[in-house]
Every structure is written in structure tokens, then in C-alpha cells.
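> Here it is: the structure, laid out below.
The values are calculated or read from the model by the stated rules, or taken from the named source; none is laboratory data. A quick note: this is a predicted structure, and the numbers were derived from the prediction, not measured. Counting neighbours? That spans all protein chains shown, and the Cβs are built from the backbone with ideal geometry, glycine included. Each accessible area value is taken on the protein alone, full model and side chains, heavy atoms only, with ligands, DNA and RNA left out. Shrake-Rupley method; radii C 1.70, N 1.55, O 1.52, S 1.80 Å.
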Amino acid sequence: MLLHVLASLLRVLAAQCLSMVVGVAVGLLCGCCKPVDTVLKPILYILYPIPKIAFLPLLMVTMGLGNAPKVTLICIIIVFQFILSVRQSVFDIPQPLLLSVQSLGLTKRSYFMDFLLPAVRPAIFTSFRMNLGISFSVLFFAESFATKYGIGYYIMNNWAMANYQAMIAGIVALSVCGVAVFVAVDVIEKRFFGAQQ
């Protein structure tokens, strides 16, 4: 079971990290640049509600049967949460605070690293936590097709073979994985970013 758990964790963490990088970048761009937000906002609002899990067969046809389509599917689904949360966090910065920071004459790097990123960091961590449950759910579905390793495959394969003890053990392992990642995120946030918050 350990091999299946590690395969699933790798896919989830890869998708989360990729989505976070893209989502934070696009969210900051939308929040800081009015013309970009004007162009992207209707696109985001149109694409966000679409059930993107239906793209899995298309991704498997175009990207093969390995990890790439599974990770890409998770990214397509959860990246919107990062974008919208970070974008809204930038908009929620109080205008007097924004003006006072701009009056200090900070360099662009300092403004970004010392002010903007700390301001949106709570939204990033919140989105990461919210997306974990979605990621595992999508992965469970994706691993039910054309794969040999993954906790979703392990559960469904043992169900098909009427090995219910192993099936239940897989469900428990999936829950433990989720708890472990949640705790790890809490520890990282408190250990490295607690002082800034």
C-alpha cells in the first residue's frame, strides 16, 4: 500500500505546487493591473463553473496514460481557487495602507516581497487547504482509469476483487494522507510565516 500512497501524494503535491505558482502569479497580476483584470475576469467567471473532470479522457488521449494527465486535471480544477482568492486579497488591501506603502518609495522587488506577498499569504494557505480535499477527490477518480499505482486504483481494484479489508484499509490510508498534509501545511505556516502574520 505504501507505494500506492506515495504515488498519490506525489501527484497531489505536484498539482498543488504547480497550481499555486500559476494561480498566485495570475491572481497578483489581476489584482495589481486593472487592464489585465478587465480582460481575464470574464474568462475566469465563465471557465470556473465548468465541470472540468470531463476533460480526463481528452487529457489521456493527448498526454498519454502516465502522471501528466492526472496532475494536469487536478491543476485545471484547483488553479481557479488560487487565482480568485489572491486576486480578492489584493483588492481587500485597505486603500490608506496601500497609499502609505507606495509613498515610502519602495523598489518593485521590495514592494512585492515585503508587502504584497505577506498581504496575500493567508489567502494562499487557505486556498491550499481547501484545494487538498478537492485534489484527493479528483485524483481518486483519475486513478480509477489506466493506472497501476495510486490509492484510488488500490481501493477500486480491491473492491472489484471483493477484498473489502484491503479496500477499507485504502480508504483509511487516504484519510491519513489528507490529515498528514494538512498538519504539514499548518506546521510550515506557523514555523516559517507565523512571525510575519
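> Applying the selection to the stretch 140-197, what residues are at positive phi and crowded, with 18+ Cβ neighbours inside 10 Å?
Once the filter is applied, which keeps residues that are at positive phi and crowded, with 18+ Cβ neighbours inside 10 Å, the stretch 140-197 yields only Gly150.
> Now for a separate question. Taking helices (runs of 4 or more DSSP H) that fall entirely within the stretch 1-64, which contain at least 2 residues that are of a type in the set (Gly, Ala, Ser)?
In the stretch 1-64, the matching helices (runs of 4 or more DSSP H) lie at 2-32.
> Still on this structure, please answer the following. Do you know which residues across the stretch 68-116 are among the charged types (D, E, K, R), under 30 Å from Ser135 (Cβ atoms) and open to solvent by 80 Å² or more (accessible area, probe 1.4 Å)?
Asp92
> Return the pair list, or none, for Cβ contacts closer than 6 Å from residues in the stretch 32-52 that are more than 18 Å from Ile76 (Cβ to Cβ) to residues that are modelled with pLDDT of 85 or more and in a helix (DSSP H, G or I), at least 6 apart or on different chains.
Pairs found: Val36/Leu29; Val36/Cys30; Asp37/Cys30.
> Next question, about the same structure. Restricting to the stretch 7-20, what's the tally of residues that are among the hydrophobic types (A, V, I, L, M, F, W, C), over 18 Å from Ser144 (Cβ atoms) and in contact with a Phe, Trp or Tyr (Cβ under 9 Å, 6 or more places away or on another chain)? Break it down stepwise before answering.
Start the filter on the stretch 7-20 by keeping residues that are among the hydrophobic types (A, V, I, L, M, F, W, C), which leaves 7, 9-10, 12-15, 17-18, 20.
Right, trim to over 18 Å from Ser144 (Cβ atoms) and you get 13-14, 17-18, 20.
Restricting the remaining residues to those that are in contact with a Phe, Trp or Tyr (Cβ under 9 Å, 6 or more places away or on another chain) gives 20.
So the answer is 1.
> Could I ask something else about it? Any residue at all in the stretch 13-25 that is modelled with pLDDT under 90 and of a type in the set (Ser, Thr, Tyr)?
The answer is no, given that none of the residues of the stretch 13-25 is modelled with pLDDT under 90 and of a type in the set (Ser, Thr, Tyr).
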